[in-house]
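What follows is a set of notes on a single structure, which appears directly below.
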Amino acid sequence: MAGKACLLHMIVLPILLTACFFGGQEKQSDKNKSAAEKTTVMDTFRLSQMTVPNNSAYNAVLEEFDKSDLQNIDRALIIFANNKADSLARDSMLISFNEFMASVMQEYYDRKLLGNRELGDHFRNKEDRSEAQKLTISLAKHGINILFRDGEFYLEPDLSFIYKHLDNVLTAGSRNYLKTKVNIANGFINGDNQPVSPPDSLARQVIAWEDFMLKYPGYLMKDEIQTQYVLVLTIYLSGNEQFPQYDPTTKMLDPKYQSSYLRYIEEYPNRESTKIVKKYYDLLTSKGFKYSEGLDSILSEVNFNPTQN
């Protein structure tokens, strides 16, 4: 027990020293700016020399970080990139980092964005975007995207930013996981470099997650991925407010969905998901492609666990 405490002390102490350096940096006058910059370089060097052997050690370091300091996202990435953990531990570390980053973003939202009408006015101002752009750029430096919709602020992790910093140390499964999420976030394009239709975008997401589950059946975040797969496939078959499936007046199926289902069946004939799409499409055909309550029942009979064929 004493050995573990000693190890933890050795890991955490440099971080506490780092926090002291960074905490005083903001109080430096312009006259001492060069000294502050040297301190930053020194702390970055110290972090780059720190290695964690497993996820428990990484979590211990993250616990010592101040979640109100956005720079700690960058520090967490530096330590992750310099780890000495095995493959399973690195997958766990990615989960720990995701949770830490979510906590930092939540802390920032609560302190800086929640109820901030003045800032909201800056984002509403179409003529002068300087303040909005300043904040957007500032957050982007730490891998955070800020969105302003319907009078509300939203913060999202920039997955490309995370992928860029961790690419060389991720396991094959985690690299594929992040890459898949980046591709989905960026949207899909066709052969003419044009965005695909909303139904085809959903179809490609289904394919992407189905491929992942087949290739990495034992991946640590398989439950989360399974949930995402089920959600996207359900929306693809039943639509939602963002992706309406039927004309609200005639109740007829949107032709884009009909074309997308046909392409899915033709291009991916041997998939588990294709069996579901084909069954749904056959039922649509029997109903003349007009909505009826019987169409909803098919989702309760779906096998959402893809199997290799």
When residues of the range 146-159 are limited to those that are surrounded by fewer than 16 Cβ atoms within 10 Å (Cβ to Cβ) and either in contact with a Gly (Cβ under 9 Å, 6 or more places away or on another chain) or in contact (Cβ under 8 Å) with a residue 12 or more places away in the chain (or both), the one nearest to G187 (Cα to Cα): E156
Determine the pairs where a residue that is farther than 26 Å from I162 by Cβ, located within the range 114-143, has a partner that is among the acidic types (D, E) and part of a helix (DSSP H, G or I) with Cβ atoms under 6 Å apart, the partner being 6 or more residues away or on another chain. H122/E131
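Would you check if A85 is closer than 17 Å to Q49 by Cβ and either in contact with a Leu (Cβ under 7 Å, 6 or more places away or on another chain) or part of a helix (DSSP H, G or I) (or both)?
Details: closer than 17 Å to Q49 by Cβ: yes; either in contact with a Leu (Cβ under 7 Å, 6 or more places away or on another chain) or part of a helix (DSSP H, G or I) (or both): no.
Taking the combined requirement at face value, the residue does not satisfy it.
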Determine which member of the set Y236, Y177, Y229 is part of a helix (DSSP H, G or I) and closer than 22 Å to S259 by Cβ. Y236
Spot the failing condition for A102; the list is (1) touching a residue at least 12 places away in the same chain (Cβ under 8 Å); (2) of a type in the set (A, V, I, L, M); (3) not in a helix (DSSP H, G or I), and only one is missed. (3)
Residue ID - nearest to L170 (Cα to Cα), chosen from residues in the range 67-98 that are within 18 Å of the chain's Cα centre (by Cα) and among the acidic types (D, E): D91
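Let's see how each residue does on (1) surrounded by fewer than 15 Cβ atoms within 10 Å (Cβ to Cβ); (2) charged (D, E, K, R); (3) outside the structural domain of I276 (by TED's automatic domain parsing):
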| position | (1), (2), (3) |
| --- | --- |
| S197 | no, no, no |
| L202 | no, no, no |
| I207 | no, no, no |
| F212 | no, no, no |
| K215 | yes, yes, no |
| G218 | yes, no, no |
| Q245 | no, no, no |
| P248 | yes, no, no |
If you take the residues in the range 36-53 that are surrounded by fewer than 17 Cβ atoms within 10 Å (Cβ to Cβ) and modelled with pLDDT of 85 or more, which one is farthest from I95 (Cα to Cα)? T51
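In the range 168-180, which residues are surrounded by fewer than 13 Cβ atoms within 10 Å (Cβ to Cβ) and either at positive phi or touching a helix residue (DSSP H, G or I) at 6+ places or on another chain (Cβ under 8 Å) (or both)?
First pass over the range 168-180, keeping only residues surrounded by fewer than 13 Cβ atoms within 10 Å (Cβ to Cβ): 168, 172.
N168, the sole residue that qualifies.
The values are calculated or read from the model by the stated rules, or taken from the named source; none is laboratory data. In this text the structure is predicted, and so the values were computed from the model without any measurement. Positions of Cβ are generated from backbone atoms using ideal geometry, with glycine treated the same way; all protein chains shown enter the neighbour counts.
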